[in-house]
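Asker: Structure in structure tokens, see below.
The values are calculated or read from the model by the stated rules, or taken from the named source; none is laboratory data. Given the structure is predicted, the values throughout are model-derived calculations rather than measurements. Note that each Cβ is placed from the backbone with ideal geometry, even for glycine, and that neighbours are counted across all protein chains shown.
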Amino acid sequence: MSAAKKVVSILHFNDVYNVEEQQQEPVAGATRFCAALKSFNDLDPLVLFSGDILAPS
């Protein structure tokens, strides 16, 4: 019996600041960030967050 290869895709992000869109680079924004995460959906990734989001220090 041969061992099947498994691939684990991990998306990790840290500390979330300034989620509102900007008029100049970096424009970012929550909508753009969510779209970036969704672009990896076909990999069925493990999404990890380690940082501040509600009350950054």
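Asker: Could you tell me which residue of the range 35-54 is modelled with the lowest pLDDT, considering only residues that are exposed (fewer than 12 other Cβ atoms within 10 Å of the Cβ), of a type in the set (A, V, I, L, M) and not in a loop (DSSP other than H, G, I, E, B)?
Answerer: The selected residue is ALA35.
Asker: Just to verify a result, which residue in the range 6-21, among those that are part of a strand (DSSP E or B) and at pLDDT 90 or above, is nearest to ALA35 (Cα to Cα)?
Answerer: Of everything passing the filter in the range 6-21, LEU11 is nearest to ALA35 (Cα to Cα).
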